[in-house]
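K.L.:
Here it is: the structure, laid out below.
Read the figures in this text as sums done on the coordinates, not as results from a lab. No experiment lies behind these values; they were computed from the predicted model shown. Cβ coordinates were reconstructed from backbone atoms using ideal geometry, including for glycine residues, and neighbour counts include every protein chain displayed.
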Amino acid sequence: MRRVILCLLLALPAVQALAADQPGKAAIASAHYLATEAGHEILAQGGNAFDAAVAVSSTLAVVEPSSSGIGGGAFWLIHRASDGFQTMIDAREQAPAAAHKNMYLDEEGKVNRDLAVNGPLAGGIPGEVAGLEHLAKHYGRLPLAQSLQPAIRIAREGFPVDDKYHALMNWRVDTIKRWPAAAEALLADGENPPVGHVIKLPDLAWVLENVAERGAGGFYSGPVAERIVKGVRDAGGIWTLEDMAAYVVKERDPIRTMYGDYELVTAPPPSSGGIAIAEMLNILEPLAINDQEPVLRAHLIAEAMRRAFRDRAIYLGDPDFVEIPVEMLTSQYYADGLRASIRPVRARRSSMLAGNM
């Protein structure tokens, strides 16, 4: 029997959506209970799983600012149950036109990690809003405006700080304090808000209301875009209104590979997780790791992961700008060579792996 697995490995906001024309029972899993409730709310209004994905994603942008947000990008790996159609919506951020290869280097030519991680130069042109519109327009059943209502309501009325929010804000509070607008929105009197404190985000509600009224155009042009670009440039960033207006969502064919009787359907580049998963599983499949004793099993998995992540650093990137040897990296022949380099009783230094950079 051939079974299909949909798999997406990302450090980004992502929703895997499964939909039928007439859904029956439904299950939603997300990083926050309010986002999960938002998804069920939209299903109850007649939406399908893709509409629910819009509601979940937009609500996470409100209640989980540490990991999600309309200021970032997203991938959606989707499967339409009615006809088996599968695709990945690529709404990842894009570099502004003024970006260049040396923008994160200091005067001595060394990487300035702070510039690359924090502040106005660290972010690309956001893609999530365009992705939400694309998902609703091409795969959903309800208007985008309807699926955004839970997020708008929660942003206006507020949500209580939980242990996770408090812990993550504590980790980043010093950085947030460097940016007054972020501190005003996410902190309480300039400090990490205590558990139970209610966070209200009226500016975010205003942005989402503009999107509900005008679609993605309400974000990438007009007063929202003007305010975003001004804020970024006032802080030292390089975004322009032309960068915002030029953003385009793309659909990409998923990566497919077999693992035993299972077909793995996963994310293609520019996501790096899908190829890494395929490569790791191709290395491990002939090793029957479930039959190995625990220490050897852990060793084999770690060695497969190291080789896949070595290749991730060397070969992967944005396919619109670099050529990626997808067929080679996901082939059994290539995995055979990598597997042969694994020593069952000894770990090899990553710096000694062939092709290491």
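K.L.:
If you look at just the Cα atoms of segment 269-352, how large are its Rg and its Dmax in Å?
P.N.:
Looking at segment 269-352, its Cα Rg and Dmax stand at 13.2, 44 Å.
K.L.:
Applying the Karplus parametrisation 6.51 cos²θ - 1.76 cosθ + 1.60 with θ = phi - 60° to the phi angles of segment 107-121, what ³J(HN,Hα) value in whole Hz is obtained for each residue in order, glycine and proline being reported as x?
P.N.:
My calculation for segment 107-121 gives 5, 8, x, 9, 5, 9, 4, 4, 5, 7, 10, 10, x, x, 7 Hz in order.
K.L.:
I've got another one for you. What FRET efficiency comes out for the pair D83/L105, r = Cβ-Cβ distance, R0 = 56 Å, nearest 0.05?
P.N.:
0.70
K.L.:
Please enumerate, by chain and number, the aspartates and glutamates with C-alpha under 15 Å from the C-alpha of K250, excluding those fewer than 8 residues away in the same chain.
P.N.:
By straight Cα distance, K250 reaches D90, E93, E128, E133, D318, D320.
K.L.:
Could you line up F85, F50 from fewest to most neighbouring Cβ atoms inside 10 Å?
P.N.:
Details: F85 10, F50 25.
The order, fewest Cβ neighbours first, is F85, F50.
K.L.:
Could you give the length gained on full extension between T175 and D291, defined as 0.36 nm per residue of separation minus the Cα-Cα distance, in nm?
P.N.:
Values: separation 116, 0.36 × 116 = 41.76 nm, distance 4.73 nm.
Gain in length upon complete extension: 37.0 nm.
K.L.:
Using only alpha carbon pairs under 8 Å that are at least six residues apart, calculate the relative contact order of segment 277-357 and give it in whole percent. Could the numbers behind the result be given before it?
P.N.:
On the way: 54 pairs, mean separation 33.6, N = 81.
Once normalised by length, the contact order is 42 percent.
K.L.:
Under 12 Å between alpha carbons, and skipping anything fewer than 8 positions from K177 in its own chain: which aspartates and glutamates qualify?
P.N.:
Within the straight-line limit of under 12 Å, K177 reaches these aspartates and glutamates: D189, E191.
K.L.:
Suppose each label sits 7 Å from its Cα in the direction of the beta carbon; what would the E184-E251 distance come out to in nanometres?
P.N.:
Simple spin-label model gives 4.1 nm for this pair.
K.L.:
Which cross-chain or sequence-distant (5 or more) residues have an amide H under 5 Å from the amide H of Y259, H modelled 1.01 Å from N in plane?
P.N.:
L264
K.L.:
Here's another thing I want to ask about it. Within the set of other residues whose C-beta is less than 14 Å from the C-beta of P194, count the net charge using Lys and Arg as +1 and Asp and Glu as -1.
P.N.:
Net of charged neighbours comes to -3.
K.L.:
While we're on this one: Tabulate in residue order the Karplus-calculated ³J(HN,Hα) for segment 197-203, using 6.51 cos²θ - 1.76 cosθ + 1.60 with θ = phi - 60°, rounded to whole Hz; enter x for Gly and Pro.
P.N.:
Coupling constants for segment 197-203: 4, 8, 9, 10, 10, x, 5 Hz.
K.L.:
Further question on the same structure: Can you list which of the chymotrypsin sites (Phe, Trp or Tyr not before Pro) found in segment 274-357 are DSSP loop residues with at most 16 other C-beta atoms within 10 Å?
P.N.:
F321
K.L.:
With θ set to phi - 60° and the Karplus curve 6.51 cos²θ - 1.76 cosθ + 1.60, what are the ³J(HN,Hα) couplings of segment 212-217 in order, to the nearest whole Hz, using x for Gly and Pro?
P.N.:
4, 7, 10, x, 4, x
K.L.:
Please list, ordered by chain and number, the residues whose modelled amide H lies under 5 Å from the amide H of E93; skip anything fewer than 5 residues away on the same chain.
P.N.:
G73, A74, G127
K.L.:
Please go through the residue pairs K137/K200; K101/K164; K110/K164; K200/K230 and name each one whose alpha carbons sit more than 27 Å apart in this structure.
P.N.:
K137/K200; K101/K164; K110/K164, as the Cα separations exceed 27 Å there.
K.L.:
In debye, nearest 20: dipole of segment 269-352 around its Cα centre with unit charges on the Cβ of K, R (+) and D, E (-)?
P.N.:
Roughly 580 debye for segment 269-352.
K.L.:
Mind checking which of V326, G337, Q292 is farthest towards the positive end of segment 269-352's charge dipole, using Cβ charges of +1 (Lys, Arg) and -1 (Asp, Glu) about the Cα centre?
P.N.:
The residue sitting farthest along the positive end of the dipole is Q292.
K.L.:
For segment 64-150, what relative contact order do you get, as a whole percent, if you take Cα pairs closer than 8 Å and at least 6 residues apart?
P.N.:
31 percent
K.L.:
Can you give me the relative contact order of the chain as a percent, contacts being Cα pairs under 8 Å and 6 or more apart?
P.N.:
Working: 565 pairs, mean separation 63.4, N = 357.
Relative contact order for the chain comes out at 18 percent.
K.L.:
Another one. If you fit an axis through the alpha-carbon atoms of helix 294-315 and take the longest principal axis of the Cα set of the chain, what angle between them do you get, 0 to 90°, nearest 10?
P.N.:
70 degrees
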